[in-house]
Amino acid sequence: MVIGVYGLGRFGSFWAKHLTGLSEVVAWSRDASRPTPEGVRRVSEDDVLSSDVVILCVAISAMEEVLERISHRIPSGTLVMDTCSVKVHPSQAMLRLLPEQTGILATHPMFGPDSGKDGLNGLPLVFSPLRMSDEEIDLWRTRFSSLGLNVVEMTPEEHDREAAYTQGITHFIGRILGELDLKRSPIATAGYRDLLDIVRQTCNDPWRLFVDLQRYNPYTSPMRRDVHQAINVMLERFDSIEIPGRYHGRDS
């Protein structure tokens, strides 16, 4: 089995390297300056699309354009996976644009180069089979589990609803904190250091990923309204507190 990784951006390079633990991995990137991950063989676009399994590591907003351009070049019987951080939009695009004889598995590795820097053990991978046999589903569930991943099977709709209030809110708050330009401090508490870690994990990702996460998940708009409302409630509650008069000590 040859796994082809289509796209060697920050996540694509990270994922391709880890997938070498499953099989031979080849990769292609439109950016020739992107380094080839250790253990991965660089090939042409046609060659990567001829792999037994094609894993699309492209931006959410680029999925439809990429699928329209490559769908007729993928051989019959190929299994195609995406790795997008939202699931309804790319799932619908793959089902609509890929040929009927193409297998489809929607995935979302819930980690990246920062959160996965110490290894994959125990990290979640969302697993949404769309066009696969039961045997293939079991096989890929086992393969991902062999990497130490916690494979979580759910529908694209379930994923997006839940992710809006887990990943979506984390990236939203992380970007807000990033705007504050918070600094390290010798008297920082553990909680403050955790906040800096959130900023590092979210703001190291491309701005396009943040925008796509918010734009293509239909459940992030209500999440942002809830965050805005919660901030207003806390400000109103704080402003309504009566401050007691100053204590001047006992009368002499």
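Restricting attention to segment 197-224 and to residues that are β-branched (Val, Ile, Thr) and under 15 Å from the mean Cα position of the chain (by Cα), the residue that is modelled with the lowest pLDDT turns out to be THR202. Within segment 138-163, residues that are within 26 Å of PRO218 (Cβ to Cβ) sit with their Cβ atoms under 8 Å from residues that are assigned to a strand (DSSP E or B) and among the small types (Gly, Ala, Ser), at 6+ positions apart or across chains, in these pairs: GLU153/SER128; MET154/SER128; THR155/SER128; PRO156/ALA106; PRO156/SER128; HIS159/SER128.
This table checks each residue for (1) assigned by TED's automatic domain parsing to the domain that holds MET223; (2) among the aliphatic types (A, V, I, L, M); (3) surrounded by 21 or more Cβ atoms within 10 Å (Cβ to Cβ); (4) within 22 Å of GLY7 (Cβ to Cβ).
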{"site": "LEU67", "(1), (2), (3), (4)": "no, yes, no, yes"}
{"site": "SER76", "(1), (2), (3), (4)": "no, no, no, no"}
{"site": "ASP114", "(1), (2), (3), (4)": "no, no, no, yes"}
{"site": "VAL126", "(1), (2), (3), (4)": "no, yes, yes, yes"}
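Please list, ordered by residue number, the strands (runs of 3 or more DSSP E) wholly in segment 19-137 having 2 or more residues that are free of Cβ contacts under 8 Å to residues at least 40 places away in the same chain and in contact with a helix residue (DSSP H, G or I) (Cβ under 8 Å, 6 or more places away or on another chain).
On the way: elements: 24-28, 53-56, 79-82, 103-109, 124-131.
Correct list: 24-28, 79-82, 103-109, 124-131.
Considering the conditions (1) assigned by TED's automatic domain parsing to the domain that holds SER23; (2) surrounded by 15 or more Cβ atoms within 10 Å (Cβ to Cβ), ILE169 is excluded by exactly one of them, (1).
Condition (residue is under 29 Å from GLY168 (Cα atoms), buried (at least 20 other Cβ atoms within 10 Å of the Cβ), touching a Gly at 6+ places or on another chain (Cβ under 9 Å) and in the same structural domain as PHE127 (by TED's automatic domain parsing)) applied to segment 43-50: is it met by at least one residue?
Residues of segment 43-50 under 29 Å from GLY168 (Cα atoms): none.
No, the conditions are met nowhere in segment 43-50.
In segment 174-191, of all residues being in contact (Cβ under 8 Å) with a residue 24 or more places away in the chain and not charged (D, E, K, R), the one that is surrounded by the most Cβ atoms within 10 Å (Cβ to Cβ) corresponds to GLY174. Of the numbered criteria (1) modelled with pLDDT of 95 or more; (2) more than 30 Å from PRO129 (Cα to Cα); (3) of a type in the set (Lys, Arg), the one ARG237 fails is (1). Among the residues of segment 146-188, count how many are over 17 Å from ARG215 (Cβ atoms), in a helix (DSSP H, G or I) and of a type in the set (S, T, N, Q). Result for segment 146-188: 2.
Within the bounds of segment 222-243, is there any residue that is touching an Asp or Glu at 6+ places or on another chain (Cβ under 8 Å), outside the structural domain of ALA62 (by TED's automatic domain parsing) and closer than 27 Å to GLU64 by Cβ? No, segment 222-243 has no match at all. Would you pick out the residues in segment 179-209 that are closer than 20 Å to LYS117 by Cα and not acidic (Asp, Glu)? Within segment 179-209, ARG193, LEU195, LEU196, ILE198, VAL199, ARG200, GLN201, THR202, CYS203, ASN204, PRO206, LEU209 qualify.
The values are calculated or read from the model by the stated rules, or taken from the named source; none is laboratory data. Since this is a predicted model, take the numbers as computed values, not measurements. Note that we place each Cβ from the backbone using ideal geometry, even for glycine, and neighbour counts take in every protein chain shown.
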